[in-house]
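The values are calculated or read from the model by the stated rules, or taken from the named source; none is laboratory data. Keep in mind that what you see is a predicted model, and the values were worked out from it rather than measured. Every residue, glycine among them, receives a Cβ derived from its backbone with ideal geometry; neighbour counts consider all protein chains shown. Ligands, DNA and RNA are stripped out before the accessible areas are found, and what is left, the full protein with its side chains, is counted by its heavy atoms. Shrake-Rupley method; radii C 1.70, N 1.55, O 1.52, S 1.80 Å.
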Amino acid sequence: MLSDEILRVENLYVSVEGTPILKGLSLTIHRGEIHAIMGRNGAGKSTLANVVMGHPAYEITSGNIFYKGEPLEDLEVFQRARAGMFLSFQYPAVIPGVQVGTFLKKSVASVRDDPPKGRAFRKELTAAMEKLSMDKSFLSRYVNDGFSGGEKKRLEILQMLLLQPHLALLDETDSGLDIDALRIVAQGINEVAADSACLIITHYQRLLDLVKPHYVHAMMDGAIVRTGGPELALELEDRGYDWLEVTA
Amino acid sequence: MSDDAQEIIGDYKYGFHDPENSTIRFDKGLSEQVVRDISELKNEPQWMTDIRVKAYRHFVERVMPEWGNCSLLNMIDFENVTYFLRSSNKTEKSWDDVPDDIKNTFDRLGIPEAEQKWLGGVTAQYESEAVYHSIREDLEEQGVIFLDMDSGLKQYPEIVKKYFGTVIPHSDNKFSALNTAVWSGGSFLYIPKGVHVEMPVQAYFRINAKNMGQFERTLIIADEGSSVHYVEGCTAPSYSTDSLHSAVVELIAMDGAKIRYSTVQNWSSNVYNLVTKRAVAHRNATVEWVDGNIGSKLTMKYPSVLLKGEGAHAEVISVAYAGKGQHQDTGAKVHHLAPNTTSNILSKSISKGGGRSSYRGLLQVTPKSTGCRSKVVCDALILDEDSRSDTYPTMEIGNSTADLEHEASVSKVSNDQLFYLMSRGFSEEEAMGLIVNGFFEPFTRELPMEYAVELNKLLELEMEGSIG
Ligand SMILES: Nc1ncnc2c1ncn2[C@@H]1O[C@H](COP(=O)(O)OP(=O)(O)O)[C@@H](O)[C@H]1O
Ligand SMILES: [Mg+2]
């Protein structure tokens, strides 16, 4: 099974500006698996996603991250993207003046091995946007500039569909979505998840009703304190996290 | 941007030059005799010679500006400049007649072929004079006059005499005096009453001789109810000795007329670019300056509009990019001289690698000009710790009915923006390129597509090899 291992995080300790955030986190994800991470605000969920993607503000003080069996430390952020890693941001950055269409075209061209060009790209783009019920007018808007929360999340998923990642990290992609948008976004995730490794960070069961996780992890204070199946997500939503503190 | 546009630009290089092929070249340095010789050589009417001589005398007496980057200004050695250079003895009308090496230069600028499709007409300044000039027939039929300035003077002396120097008198500043004394080339454009020129009218300028001063003179008159978009582009090859570029551009928009004047200039970092641009807008007229400045050692340029007639409108959109060893001292001046006049100023600057950009603006509303409205927005983006940006806004508001807005911001590229873009596969340089192009986009989108592509490409090149 080793060849199908996509992400392995080993006893990871991470600090931000000298403050320890992740404290001994371990996690392995294989191709075709969907993992969900749940936890209170401030538990370190976004930190995990960011550090895997290579955000320079996060310092790994000990432990290792492997992608497809290779250590990640020497890869720059854009090289990770080109190697097939993708992060759907909790708070996507605004890039004023850069049109979504231009941005997507360039991004696909730099990430995909054999990127579709010209008409082929436009065809793929149109199909992906239709799946996500996104209007063509998105393409001439500036990246995330003046976007509603839901629009931002849709654009993240659109990028995921086009970039076809092998590892998808989805950080609270469901927040701020109404039920219709959630369904649409879930379809997008399922499409990509079938053939990749997927890590879903969420507070809510409602996304997990639509995207069935194989594993659910409860995270507290920078570490995974419990792992279970889909039933753990229901339990966490029902009981909160306090009971874990007692048992941990 | 379309793929076609990308192809038009091709492997555009920014630092080449053709062997100098000038047939007449004056010695360096300036004197009253040189001024008279230039006028005589061009067979000018006596009144123009007189204007030149008067301007020369004023230039000699006039002190350097005592504001702006004085230390750089005072380094200009006027004796080390060639004031006149003629590369081709007659003004061409057909593309076939243009000398091959000159065409070659244009080739490398990415100009020919494609231009046929969409240009309204071309005058291309090669060295001091226009060598190529063509007007599409329908423009001619509409009565539009589009000539290089020297031909304009020859063929329409009465129009030139009536308007030359009326917007920018020679005594306006030291450099307008210099230009008036030694001007050569530039464009003369007259749009008759009620004529709307649909396609942008274009001219290309470049410096190609060592130490060559360029003193082009442009005069555009849009008669009542007419409209025109004039576009001018400029790329300088890199030379080691200093070059002086000092143009004067005068625009006159009669009642209800509209003039848009778009420029992108990219000077090598040895060029002084000291340009006086001013427009008069009469009743209900609109003047728009779209002005992009890249490079040069020092640029001082403040496109201005005199809103003389009631209901007139001014629009100034400018960008400046200051790289290593460069100072962009640019801005806009709008004078609300009549009631119910309106203006919008948007100025954006990027400083990088120790470069400096300064916004210098003037907004004037005279006491009698009631009901005026103006909005000024200045945004600066600073790419590193060594670079600098300053703002020098001046407001002279003569009455309390004016509705004024002023916004200024200074920003840096955020780590979150870089991380976001890099997580989408862009290298740090590519990410910076996207961000700076995006920052200039409100300007770029106003340009004809060729220029927009060219500017984006230039900025991407500027971001290369600069990070680490
Ligand atoms: N870039 C950062 N700078 C400073 N503190 C940070 C940064 N990122 C995260 N933190 C801190 O780390 C802790 C965990 O944050 P985060 O990973 O965003 O949690 P979660 O996503 O689980 O809500 C919080 O206390 C947060 O304030
Ligand atoms: Mg978070």
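List of remarks:
- Cβ-Cβ contacts under 8 Å between residues 6 or more apart (or on different chains), taken from a first residue in segment A:107-127 that is within 24 Å of residue B:432 (Cα to Cα) to a second residue that is of a type in the set (Lys, Arg) and in a helix (DSSP H, G or I), are listed as A:110/A:82; A:111/A:82.
- Annotation for segment B:298-311: no member residue is surrounded by 24 or more Cβ atoms within 10 Å (Cβ to Cβ), within 16 Å of residue B:407 (Cα to Cα) and of a type in the set (Lys, Arg).
- Qualifying residue in segment B:378-387 (condition: under 29 Å from residue A:103 (Cβ atoms) and touching a residue at least 60 places away in the same chain (Cβ under 8 Å)): yes
- Where residue B:316 falls short, out of the listed (1) surrounded by 24 or more Cβ atoms within 10 Å (Cβ to Cβ); (2) touching a residue at least 60 places away in the same chain (Cβ under 8 Å): (2)
- Selection count, segment B:279-296, where residues are open to solvent by 10 Å² or more (accessible area, probe 1.4 Å) and either among the charged types (D, E, K, R) or farther than 24 Å from residue B:338 by Cβ (or both): 2
Every residue, every condition in (1) among the basic types (Lys, Arg); (2) surrounded by fewer than 19 Cβ atoms within 10 Å (Cβ to Cβ); (3) at positive phi; (4) at pLDDT below 70, yes or no:
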site: B:198; (1), (2), (3), (4): no, yes, no, no
site: B:201; (1), (2), (3), (4): no, no, no, no
site: B:208; (1), (2), (3), (4): no, no, no, yes
site: B:211; (1), (2), (3), (4): no, yes, yes, yes
site: B:227; (1), (2), (3), (4): no, no, no, no
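- Only one of the numbered conditions (1) more than 14 Å from chain A (Cβ to nearest Cβ); (2) at pLDDT 95 or above is not met by residue B:420, and that is (1).
- Considering (1) away from ligand 1 (no atom under 16 Å from the Cβ); (2) assigned to a loop (DSSP other than H, G, I, E, B); (3) away from every other protein chain (no Cβ under 12 Å), the lone condition that residue A:189 does not fulfil carries the number (2).
- Of the residues B:359, B:321, B:302, the single one that is in contact with a helix residue (DSSP H, G or I) (Cβ under 9 Å, 6 or more places away or on another chain) and not charged (D, E, K, R) is B:321.
- So residue A:218, is it at pLDDT 95 or above, open to solvent by less than 60 Å² (accessible area, probe 1.4 Å) and more than 16 Å from ligand 2 (Cβ to nearest atom): no
- Those residues of segment A:25-56 which are away from ligand 2 (no atom under 16 Å from the Cβ), open to solvent by 40 Å² or more (accessible area, probe 1.4 Å) and away from chain B (no Cβ under 14 Å), in sequence order: A:26, A:28, A:30, A:31
- Within segment B:431-447, restricting attention to residues that are out of contact with any helix residue (DSSP H, G or I) (no Cβ under 8 Å at 6 or more places or on another chain) and surrounded by fewer than 22 Cβ atoms within 10 Å (Cβ to Cβ), the residue that is farthest from the other protein chains (Cβ to nearest Cβ) is B:446.
- Segment B:257-277, residues that are surrounded by fewer than 23 Cβ atoms within 10 Å (Cβ to Cβ) and among the charged types (D, E, K, R): B:258, B:260
- Residues satisfying the stated conditions in segment A:57-82, i.e. facing chain B (nearest Cβ under 10 Å) and either open to solvent by less than 30 Å² (accessible area, probe 1.4 Å) or in contact with a strand residue (DSSP E or B) (Cβ under 7 Å, 6 or more places away or on another chain) (or both): A:57, A:77, A:78, A:80, A:81
- Criterion: within 14 Å of another protein chain (Cβ to nearest Cβ) and either open to solvent by less than 70 Å² (accessible area, probe 1.4 Å) or among the aromatic types (Phe, Trp, Tyr) (or both) - qualifying residue of B:414, B:357: B:414
- For the condition farther than 18 Å from residue A:46 by Cα and polar (S, T, N, Q), residue A:133 qualifies.
- When segment A:41-57 is filtered for residues that are more than 6 Å from ligand 1 (Cβ to nearest atom) and over 16 Å from residue B:414 (Cβ atoms), the ones remaining, listed by number, are A:48, A:49, A:51, A:52, A:53, A:54.
- Within segment A:26-42, the set of residues being over 17 Å from residue A:175 (Cα atoms) and among the basic types (Lys, Arg) comprises A:31 only.
- Residue selected from segment A:138-173 under the condition within 16 Å of ligand 2 (Cβ to nearest atom) and more than 13 Å from the chain's Cα centre (by Cα), by the criterion modelled with the lowest pLDDT: A:149
- Exactly one residue out of B:459, B:381, B:455, B:363 is within 13 Å of another protein chain (Cβ to nearest Cβ), open to solvent by less than 50 Å² (accessible area, probe 1.4 Å) and assigned to a strand (DSSP E or B): that is B:381.
- Subset of segment A:15-24 that is touching a Phe, Trp or Tyr at 6+ places or on another chain (Cβ under 8 Å) and within 16 Å of ligand 2 (Cβ to nearest atom) - its residue that is least open to solvent (accessible area, probe 1.4 Å): A:22
- Flag for residue A:176 being at pLDDT below 95, more than 21 Å from residue A:27 (Cα to Cα) and away from ligand 1 (no atom under 16 Å from the Cβ): no
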